[in-house]
Structure formats: structure tokens, C-alpha cells
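In what follows, a structure is listed as C-alpha cells, so that the remarks can point back to it.
The values are calculated or read from the model by the stated rules, or taken from the named source; none is laboratory data. Bear in mind that the values here come from a model prediction, so they are computed numbers and not experimental data. Note that we place each Cβ from the backbone using ideal geometry, even for glycine, and neighbour counts take in every protein chain shown.
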Amino acid sequence: MTTSNSTDARPGILLVTLDAAEGEEQELHDWYDFEHIPERASVEGFKTLQRYVCLEGWPRLMALYDLDSLQVLESKAYQAIVGENYTPWSKRVIGKVRGWMRSEAELVGTGPACTGAAGAPLRLLVVGYRDVQENDVARLAEKIKICQVENSEILQARLFRATNTAEGRLYALVELSVPRSLADFDWKALTPHSGSIDIANIYTRYWRSQS
């Protein structure tokens, strides 16, 4: 599926991090599971819709959506469920959350477009970069690809450039086949020549309790 009007449109992601206010976590999960995710699943161009729980880092919760391209977020179908068109439930829940960060980002370089394309990861490392100079972006993407080639535990590693925040904001998504902690990584290999790392979180998939 695609809503792109251009053959040059790059695969994208929508990445949202947040935490529930005290005493509000169950309603947050209910809202995601029964309204928010189903709404987005109905929009053409949303390829994956996955939620995660942070094991190291903050905020504690993340939603990650793989998109055909960021043009999906400009479509009539998506605009009909956001902003002024949020449901009363959405407005109430979003108004209570903490640590809300919403990033739209495009893939840098080439590679599989979807999370899980190389197998379901047991852990997901999310690295956020700020103030990376334009001439260093491609070098960082190459370093991340080398990490994948040299480490058999990495299923897939991708770099994304944020388009709705300050220039120089990038995100690396590193999918792991085994449980790992932040201390296990070679941070020199993941560090850009310019700018700095300001986010380093380890996630596992969220699964709704059946109890």
C-alpha cells in the first residue's frame, strides 16, 4: 500500500514516546489498544503499528509506526483522526501523559523499510542524535550499517532523519535478536563525528496482559 504521489518518496516512521501519569496507565493502554492503534491501522500507508516498553531509559512507553512515506501523515484519512478531529477519549488521555515526544522521520540511505523485516527483534535500541552536521549524516549511516554487518546479533539497523524538529535530529533504530543492555554496545561505533547522543533507550515489545 502507498499514498505517495512521488516515486522519490522515502520510507518513513512516526515515533512517539510518552509515559502515563500516576494512576492512569491502564486507561492509556486501553486507549491505545482499542482506539488509537485501530484508527491508524485503517489509514492506508501505515505498514506496521507496534508498541514498546522501555527497559533502560525514559519515557517508559513508545509507539513506532512504519510508513510508506511521510506523505501518509498528510493524507485526508490521517488528518481526519488527528488534531481538532481527536475523539474526546484521545483528548483526555493525551492531555494527561508525560514525556510526550512525537517525531516524523525519513529513512537515510537504503534498506528494508519495516521494523521486523529481518525477523522479530527481542530488543530495540533507539538512539537519538542532535545537531549532526549535514555532511556527517551519510558517514553516520555508514557506521551504523557496518555495525550491523559486524555484529550477528543485529537483525537490522537503520538511520532516520527527523523532519518536524530542529535540523540535525536523527534516530538510529537497532533491532536485536537477543536481550542486551546499554552497557553492551560499542558506543564509539554509534557516535557521530558532529553533534551528540541525547537519547539511548532499550525497548521490548508491549503485549497486552490476558489476565
Item to complete: Would you mention how many residues in the range 74-108 are of a type outside the set (A, V, I, L, M), more than 17 Å from the chain's Cα centre (by Cα) and not in a helix (DSSP H, G or I)?
Response: 6
Worksheet item: Quick one: how many residues across the range 110-139 are more than 13 Å from the chain's Cα centre (by Cα), among the small types (Gly, Ala, Ser) and surrounded by 15 or more Cβ atoms within 10 Å (Cβ to Cβ)?
Response: 3
Worksheet item: Taking residue 95, is it over 30 Å from residue 137 (Cα atoms) and outside the structural domain of residue 165 (by TED's automatic domain parsing)?
Response: yes
Worksheet item: Of the residues 123, 180, which single one is in contact with a Pro (Cβ under 6 Å, 6 or more places away or on another chain), of a type in the set (D, E, K, R) and under 24 Å from residue 53 (Cβ atoms)?
Response: 123
Practice prompt. Please name all residue pairs, on different chains or six or more residues apart, with Cβ atoms under 8 Å, provided the first residue is in the range 165-176 and is touching a residue at least 60 places away in the same chain (Cβ under 8 Å) and the second residue is surrounded by fewer than 19 Cβ atoms within 10 Å (Cβ to Cβ) and among the aliphatic types (A, V, I, L, M).
Written response: 171/199; 175/118
Fill in: Cβ pairs under 9 Å, 6+ apart, first in the range 62-74 and free of Cβ contacts under 8 Å to residues at least 12 places away in the same chain, second hydroxyl-bearing (Ser, Thr, Tyr) and surrounded by 20 or more Cβ atoms within 10 Å (Cβ to Cβ)
74/3
Discussion item. It is to be established whether one or more residues within the range 87-105 are closer than 23 Å to residue 10 by Cα, acidic (Asp, Glu), surrounded by fewer than 17 Cβ atoms within 10 Å (Cβ to Cβ) and out of contact with any Lys or Arg (no Cβ under 6 Å at 6 or more places or on another chain).
Written reply: no
